[in-house]
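Okay, structure first, notes after.
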Amino acid sequence: MTIDAHVNNTADVIPGGSPFFYLEDPKNNGFQIQSISVTPTPCQIGLPCTIEAKGEFQSDLSKIELNFEVEARFKGGHSGKVLTRKDDLCDWATVRQAGRSQCPPNKGSATITTELLLASFVVPEATYDIDLNLTSGNTLLTHVGARVKLEDADKLVADTNPAETP
């Protein structure tokens, strides 16, 4: 799968070569993202794919909640949520600070890493909108998204016409 994204405003793209972009103005976020990378590039369905976000937490945190939603848009106009998840980030990812695992994190630089495996038998051909936010209590830490399109049953490519329904 090739991971890429199309966004309307290139200023919203997060550095690092990943498909992720900001869904809300990041200037007041509790986690200031410096970059998000996806490896290997391109990812292959059926093999592990690592997502790594580097940034800085603006304060010590007691808990981080991960809110993750994926919506599929199929040819013919059908769409629907294929995954909705709300969980403790520490159960889904590793947070490293000063060379050691630290979750929940303290104020300062951090790297958040998670590994995904997309099984080919459960990934239908469609366009996928990914919406991910991290919160701590009522504080928004970050809110990002990506749009990818699955073609040829194993390749995710940029959706170059996001306004059109597949």
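Here are the numbers for this structure:
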item: The range 42-86, accessible surface, carbon-and-sulfur percent (1.4 angstrom probe); result: 49
item: Probe 1.4 Å, protein heavy atoms only - accessible area per residue of the range 22-139 in square angstrom; result: 57
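The values are calculated or read from the model by the stated rules, or taken from the named source; none is laboratory data. All of these numbers come straight from a predicted model, not from anything done at the bench. Side chains are part of the model used for accessible areas, which takes the heavy atoms of the whole protein and leaves out ligands, DNA and RNA. Shrake-Rupley method; radii C 1.70, N 1.55, O 1.52, S 1.80 Å.
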